[in-house]
Amino acid sequence: MTAATEQTEAQVLDAPMPVQPWWQRLLRDPAALAAALVFLAIVLCALAAPLISPHDPFASSRAVMQPPVWAEAGNWTHPLGTDGQGRDMLSRLFYGTRLTLIIGVVSVAVGGMLGSLLGLLAAFKPGLDPWVMRLVDVMLSFPAILLGLALVAVLGPGAGPVIVALAIATIPDCARIARSIAVSVMKQEYIEAGRALGLSDMALFTRYLLRNCISSIMIFISLRFGQIILIGAALSFLGLGARPPTAELGMMAAQGRDFLLFAPHIAVIPSVLIFVIVLSANILGDALRDVLDPRLRS
Amino acid sequence: MSAMLQVEGLTKHFPIRRGVLRRVAGTVQAVNDVSFTVGEGETLAVVGESGCGKSTIGRALLRLLEPTAGRVTLDGTTVTDLAPDAMRAMRRKMQIIFQDPFGSLNPRMTVAETLAEPLLLHELATPGDVQDKVGALLSTCGLQPWHAGRFPHEFSGGQRQRVGIARALATRPRLIVCDEPVSALDVSVQAQIVNLLKDLQAEFGIGYVFISHDLAVVRHMADRVAVVYLGRIVEEARADALFAHPRHPYTRSLIAAAPRPDPTQRNVSAPVEGDLPSALNPPSGCAFHPRCPLAQDRCRTERPALRQVGTSRVACHFAETSEAGDSRPEAAPSEALRRRLAILDAARAKETA
């Protein structure tokens with residue numbers, strides 16, 4: 001046998017077990033697949049809102065409180081009917097979803113990043129730990145709704161203050177989770193090995209600590225996303241979020257409240273959409289955790 | 001000429017803090033006044049039971065744990081005085097191999113990244129030639145070039161330990177602290193790794209501080225042995241002398257306690273009784289006196305200094321007298337030990353053939 005064939009044989013025997021990539025395993029779960037498709041469809045509709053809206057979402061028509069197409073008095077001009085001011089529900093829904101998702105994504109991204117950074121720093125520099133965690137405890141003692149009210153009182157209503165309030169509400173939980181993940185990583189011997197090589201703190205933090213924590217933190221943040229959407233919608237429902245006539249799902253539900261008896265679709269349709277967004281985000285987050293967390297792998 | 005590595009009075013105490021105000025409630029005296037030297041290409045084994053401070057000695061001399069007191073000098077540079085930046089550069093010359101081959105490699109870095117990191121960090125390679133140097137390191141440690149792109153979880157324990165050794169070797173260090181490098185591996189793999197370490201030492205003249213509780217491996221590896229009890233060296237001697245004529249009663253018990261598979265031999269030895277006393281509150285006098293068969297009143301009050309007895313250094317009041325009377329030197333190594341040594345030698349013969 002020649003050396004070359006020997007080597008290939010050894011290479012074959014030595015080859016690692018083929019492992020499916022995580023997204024393939026994720027989509028094998030039917031619930032996760034359904035949630036992924038629904039969520040993707042909602043995101044695409046929101047992104048394409050200006051292109052696919054049949055009407056101007058802010059223009060009133062004479063057809064006030066027209067029921068959706070499946071009701072007796074409905075017609076295809078306004079497939080989901082119109083609201084109390086005669087604006088097309090479907091168009092408003094597209095635009096409203098877009099704003100709701102933007103509020104959720106931006107606040108979770110900003111809050112998640114700041115919170116994770118705080119938590120990782122607390123674990124990396126034990127001297128900082130008590131200070132960071134006491135700060136987090138203080139932040140944890142303000143409910144997001146109360147914080148939102150205070151911020152709106154200072155900054156005035158609008159999407160901006162809601163995003164700030166939601167980001168601040170995301171920080172403490174993320175910091176705690178990130179810290180607990182990072183503390184267990186810091187105990188691993190490879191951190192000491194990195195130190196023994198003479199790595200700088202910066203390299204140790206990014207290449208060793210962050211790289212080993214990031215997937216667990218991302219899972220937590222994706223699970224938080226649904227909750228943040230819900231709190232954001234609640235703030236809008238209370239009139240703290242986007243200012244009319246801007247469309248936002250929580251605000252649309254609030255506006256429909258006055259017509260609940262005569263035209264329930266105005267409140268119900270945006271509420272159902274919020275429900276679907278939160279549900280699919282949560283199912284996706286759960287499935288992601290099952291797939292990425294090696295401890296749960298069967 | 002002075003030795004390559006000199007350790008003088010190395011001490012590491014861990015304060016125990018309690019309560020809201022974090023007051024110091026006590027001190028764990030993990031390592032107390034430990035001194036030794038290691039020459040170029042020499043192996044000093046540090047042995048002792050678990051919790052005696054072996055690993056702390058290794059980490060304190062590398063300043064992975066900041067020593068409470070003492071001086072460490074490597075090639076004339078006083079390591080313990082270096083500022084953080086100089087210390088980071090100094091780490092090039094002093095490396096460590098860890099016990100756990102599963103926990104000591106960054107799971108998110110490929111082998112190539114793991115090995116390139118120290119090379120680039122200490123400017124021993126340029127981005128252009130780093131791949132070649134990584135390949136050379138892999139083959140030095142008995143791995144194949146195609147292993148470079150793999151992640152640690154794709155390897156067996158022995159292969160991972162080879163990666164760990166390659167990483168320690170990357171910077172061409174003068175000193176490597178081997179912290180139980182083979183105790184997590186099974187016996188046949190142990191033999192390969194131990195022999196790899198010996199070959200590398202012969203090739204590059206590296207000094208080893210070889211921390212272990214496995215006397216068979218120590219006997220095979222070490223030039224000199226330091227026996228540690230409760231954070232202090234109680235006996236230090238050349239390996240052959242130590243195994244043939246152990247002078248400290250603790251060394252004798254340690255050698256006698258090596259496992260024997262023969263049930264009829266079970267009661268021949270008199271292993272140490274009881275547990276290791278707490279380092280939080282060490283016994284007065286000689287720390288070994290509560291478990292020592294030779295203990296007398298003097299041992300309870302007066303701590304024996306580590307002093308020269310023949311070619312060894314021993315910390316026992318009766319080092320000169322006890323050996324003659326109570327000596328049961330290991331004339332015949334136990335069956336298990338002989339078998340282990342045979343495996344080690346066979347693996348070595350196979351590799352060199």
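The values are calculated or read from the model by the stated rules, or taken from the named source; none is laboratory data. Here the structure is a predicted model, which means the values were calculated and not measured. Note that each Cβ is placed from the backbone with ideal geometry, even for glycine, and that neighbours are counted across all protein chains shown. Quick note on the areas: whole protein, heavy atoms, side chains included, nothing else; ligands and nucleic acids left out. Shrake-Rupley method; radii C 1.70, N 1.55, O 1.52, S 1.80 Å.
The residues of chain B expose on average 44 square angstrom of accessible surface per residue, using a 1.4 Å probe on protein heavy atoms. Only bridges with both residues in the protein assembly as shown count here: give the DSSP antiparallel percent, nearest 5. Antiparallel bridges: around 60 percent, rounded to the nearest 5.
Kirkwood radius and radius of gyration were both taken over the C-alpha atoms of chain B, and their ratio Rg/Rh is 0.98. Between the helical axis of B:111-121 and the longest alpha-carbon principal axis of chain B there is an angle of about 90 degrees. Approximating the spin labels as points 7 Å out from Cα along Cα→Cβ, the A:Ala48-to-A:Met113 distance works out to 2.9 nm. The trypsin sites (Lys or Arg not before Pro) of region A:216-298 meeting both criteria, a DSSP state outside H, G, I, E and B (loop) and at most 12 other C-beta atoms within 10 angstrom of the site's C-beta, are A:Arg297. Between A and B, buried accessible area from a 1.4 angstrom probe totals roughly 2400 Å², ignoring ligands, DNA and RNA. For region B:176-218, the C-alpha radius of gyration sits at 1.09 times the compact-globule guess of 2.2 N^0.38 Å, with N the residue count.
Judged by the mean number of other Cβ atoms found within 10 Å, the most tightly packed of the peptides B:144-154, A:166-176 leads the ranking A:166-176, B:144-154. Each of B:Lys93, B:Lys54 has its accessible area taken with a 1.4 Å probe; listed largest first, they run B:Lys93, B:Lys54.
GNM on chain B, C-alpha springs below 10 Å: top fluctuator among B:Thr27, B:Thr110, B:Thr171? Result for chain B, Cα springs under 10 Å: B:Thr27 fluctuates most.
Among the residues of B:90-97, the average count of other protein chain beta-carbon atoms within 10 Å of the residue beta-carbon is 3. Label-to-label distance for A:Ser141 and A:Ala34 is 4.4 nm, based on points extended 7 Å past Cα in the beta-carbon direction. Once the Cα-Cα distance is subtracted from the 0.36 nm per residue extended length, the B:Glu320 to B:Ser188 segment shows a gain of 43.5 nm. Other residues within the sphere of radius under 14 Å centred on the Cβ of B:Arg92, judged by their own Cβ, net out at +4 (K and R +1, D and E -1).
Here the simple spin-label model places points 7 Å from the Cα toward Cβ, and for B:Thr126 and B:Arg298 these points are separated by 6.8 nm. Under 29 Å of direct C-alpha separation, and excluding same-chain neighbours fewer than eight residues apart, A:Lys187 reaches these lysines: A:Lys125, B:Lys12, B:Lys54, B:Lys93. Shape summary of chain A, radius of gyration then Dmax from alpha carbon positions: 24.5, 88 Å. Secondary structure note: in chain B, about 60% of the DSSP beta bridges are antiparallel. For the protein assembly as shown, the Kirkwood hydrodynamic radius comes to 29.8 Å, computed from all pairs of different C-alpha atoms. In the protein assembly as shown, a dipole from Cβ-located charges (positive for Lys and Arg, negative for Asp and Glu) runs towards its positive end, and of A:Leu26, A:Gly119, A:Ile181 it is A:Gly119 whose Cα lies farthest in that direction. Region B:97-157 and region B:52-67 have their alpha-carbon centroids 25 Å apart. From most to least packed by mean Cβ count within 10 Å, the peptides A:259-266, A:131-138 give A:259-266, A:131-138. With semi-axes defined as the square roots of five times the eigenvalues of the C-alpha gyration tensor, the equivalent ellipsoid of region A:239-298 measures 36, 13, 6 Å, largest first. Counting, for every residue in B:108-117, the Cβ atoms of other protein chains within 10 Å of its Cβ and taking the mean gives 3.
Summing charges over all other residues whose Cβ lies under 10 Å from the Cβ of B:Val79, with Lys and Arg as +1 and Asp and Glu as -1, gives +2. Here the accessible area of region A:81-212 is 73 percent carbon and sulfur, with a 1.4 angstrom probe and all protein chains present.
Here the dipole of region B:183-263 is about 320 debye; that uses its Cα centre as origin and unit charges on the Cβ of Lys and Arg (positive) and Asp and Glu (negative). Peptide B:146-157 shows a mean partner chain C-beta count of 2 within 10 Å per residue C-beta.
Overall, region B:36-160 carries a charge dipole of about 200 debye about its Cα centre when +1 sits on the Cβ of Lys and Arg and -1 on the Cβ of Asp and Glu, all other atoms neutral. Helix A:211-237 axis versus longest C-alpha principal axis of chain A: approximately 10°, rounded to the nearest ten. Per-residue accessible area (protein heavy atoms, 1.4 Å probe) orders B:Arg307, B:Arg338, B:Arg160, B:Arg23 as B:Arg23, B:Arg338, B:Arg307, B:Arg160, starting from the largest.
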